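In what follows, a structure is listed as structure tokens, so that the remarks can point back to it.
The values are calculated or read from the model by the stated rules, or taken from the named source; none is laboratory data. Here the structure is a predicted model, which means the values were calculated and not measured. Here Cβ is always computed from backbone atoms with ideal geometry, including for glycine, and neighbour counts include all displayed protein chains.
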Amino acid sequence: MTEKSNLLDDLKAEAEKRYGVGTVFTGNEMKKDPPRLPTGIFSVDYAAGGGLPIWGSTCFWGPQGGGKTSMAIGAMQMVPRICWRCFNLLERCSCSEPVLKMRTMWADVEGTLDRDWAAALGANPDDYLVTLADYGEQYVNIMESALRADDCGLVVCDSLAALTPAAEFDAPSEDQFIGNQARMITRCVRKLKQRLIRERKREHPCTVLFTNQLRIKIGVMFGDNESMPGGEGMKHEFSLLLRCVKKALKKDGPDAKFLDATRKMNMAQRHSFAVRKEKVLTMAGIGEFVRVRENLPAFELQKGMIDDYTTVLTYAKEYGVVFKEKDKWRLFEHTAKKQDDIKLFWKKRPGEYFLAQQEIIKRAKERLGGAG
């Protein structure tokens with residue numbers, strides 16, 4: 001009588017039979033680097049290794065005015081612009097199968113999503129759904145259900161700090177709830193993370209993006225006095241954590257053009273970010289960008305655009321995306337006499353601009369040896 005084998009390969013076969021394909025797999029079957037959803041902001045995408053990791057959760061957190069919601073809208077406007085099989089722009093899709101398109105579910109917990117501002121950032125209202133629920137648990141259930149939808153690629157929760165447990169609505173305002181919201185937030189993050197794992201097993205590409213606010217610990221004399229609503233447990237679930245803040249414009253430098261002396265206001269905002277946690281490949285720890293608030297025809301800039309053309313051109317030359325060819329500069333099939341002509345070409349052709357950004361990031365990852 002032949003003795004039945006008891007090997008890990010047998011466990012793999014039994015687990016897949018009992019729990020489904022993808023429950024157990026070998027290390028060689030894992031991807032080196034997960035696909036990414038770009039945010040449309042070069043400095044963020046470069047630092048994050050291409051954007052938000054698919055089948056992972058990302059959190060933008062920081063003080064008010066840090067640009068968290070606008071960065072989330074930037075990711076949302078990229079969802080319908082890429083093929084979710086090859087993660088290239090639709091016009092550059094390399095798939096043998098039909099293009100796979102996705103949409104976004106936006107949980108507007110703070111109730112502050114502005115349709116006009118979202119449109120200025122490039123988000124088509126037909127490509128996303130918005131939910132306004134009665135209390136926190138409803139938001140969690142709706143977001144978890146959205147991830148199950150075959151055409152949902154991104155779920156945004158704006159923000160975790162605004163999630164309010166149902167128990168707080170049913171009790172008098174003077175009642176205290178110690179740790180009640182933190183437990184609900186941690187449960188929300190854990191539940192959505194586990195749903196992402198299930199969607200990964202059935203090869204449904206999707207990701208979750210959270211925003212969170214900043215709190216200050218009272219009485220801290222030494223060390224970091226900053227904290228996030230939701231406690232410490234939720235931080236372990238994030239694949240990527242970025243701290244986002246607003247910075248002053250450099251009035252004596254390149255930002256001088258954004259100062260309106262007549263109205264005494266800034267026509268753009270400068271933001272900075274720092275990667276506080278990464279469980280995926282990243283290529284920088286900090287970065288900055290400038291977002292235009294109003295149309296500036298004199299500089300070929302429109303409301304909502306990111307003015308990072310000089311930065312992208314610098315990186316494009318470093319990685320050979322833009323190079324000198326005799327007396328001209330070449331970018332793919334396009335040639336220009338001056339470098340400023342390339343920046344002007346990008347302003348008029350945002351699709352070509354994003355293609356250049358993708359190529360830069362691809363070559364940078366190859367140079368690091370971390371391309372998936």
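For region 193-215, give me each residue that is closer than 19 Å to TYR135 by Cβ and surrounded by fewer than 23 Cβ atoms within 10 Å (Cβ to Cβ).
Residue satisfying the conditions is GLN213 alone.
Residue by residue through region 19-49, note down the ones that are of a type outside the set (Asp, Glu), at pLDDT 90 or above and part of a helix (DSSP H, G or I).
PHE42, SER43, VAL44, TYR46, ALA47
Tally the residues that are assigned to a helix (DSSP H, G or I) and either in contact (Cβ under 8 Å) with a residue 12 or more places away in the chain or β-branched (Val, Ile, Thr) (or both), restricting the search to region 213-268.
Number satisfying all stated conditions: 8.
Residues of region 255-279 being farther than 14 Å from PHE299 by Cα, among the hydrophobic types (A, V, I, L, M, F, W, C) and surrounded by fewer than 19 Cβ atoms within 10 Å (Cβ to Cβ), which ones?
Result: ALA261, MET265, ALA274.
Could you list all residues from region 322-349 that are under 24 Å from the mean Cα position of the chain (by Cα) and touching a residue at least 24 places away in the same chain (Cβ under 8 Å)?
Within region 322-349, TRP346, LYS347 qualify.
When you scan region 354-362, do you find a residue that is among the basic types (Lys, Arg) and either within 25 Å of ARG243 (Cα to Cα) or modelled with pLDDT under 90 (or both), even just one?
yes
Could you check LYS277 against (1) among the charged types (D, E, K, R); (2) outside any helix (DSSP H, G or I); (3) outside the structural domain of PRO63 (by TED's automatic domain parsing) and say which number it fails?
Of the numbered conditions (1) among the charged types (D, E, K, R); (2) outside any helix (DSSP H, G or I); (3) outside the structural domain of PRO63 (by TED's automatic domain parsing), the odd one out for LYS277 is (3).
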